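Notes follow the structure.
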Amino acid sequence: MIIYGIKNCDTVKKAKKWLENNNIDYDFHDFRSDGLNPVQLRSWIAEAGWQTLLNKRSTTWRQLPDETKENMDETLAIAVMEDQPTIIKRPVLETDKGIIVGFSEKNYTEKLL
């Protein structure tokens, strides 16, 4: 299992703590230091949809030009996520059954326990 995000994100910290408390092994991949694989991003989009992965509540989103936000579509979203991975909703947890985007105890419990 691999959890993707950035190390100082509170939601990522909560997800990691939940995994540890439930004795679930995982590897951590930091977008800032480890980068983002474009092929992997496209597979996440195919599974979850670009709208799910694009975090419109992030600081990165708020800093985008209005024109970019107004014209957002899948192609533009991919380009923005590749250029600025911190705009991806965190964490993204890759499991053998698929991905889980974001964190909620209820969702993790239902899908992982």
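Rule-based calculations on the coordinates, nothing more; no lab input. Note that the structure is predicted; figures quoted are calculated from it, not measured. For neighbour counting, all protein chains shown are included, and Cβ atoms are generated from backbone atoms with ideal geometry for every residue, glycine included.
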- FRET efficiency, 1/(1 + (r/R0)^6) with R0 41 Å, evaluated for L113 and K69 via beta carbons: 0.60
- lysines within cross-link reach of K13: Cα-Cα under 26 Å, excluding same-chain residues under 8 positions apart? K56, K89, K97, K106, K111
- Could you pull the Cα extents of the chain along its three principal axes, largest to smallest, in whole Å? 45, 26, 26
- Which value in nm describes the separation of the simple spin-label points at L76 and K97, placed 7 Å from the Cα toward the beta carbon? 3.6
- Note on the structure: Phi-derived 3J(HN,Hα) across segment 65-75 with the Karplus relation (6.51, -1.76, 1.60, θ = phi - 60°), rounded Hz, x for Gly and Pro, is x, 4, 4, 5, 4, 5, 9, 5, 9, 4, 4
- Task: Just need log10 I(q)/I(0) for segment 13-57 at q = 0.23, 0.27, 0.29 Å⁻¹, Debye formula, equal scatterers on the alpha-carbon atoms, no solvent, rounded to two decimals.
- Result: -1.01, -1.01, -0.99
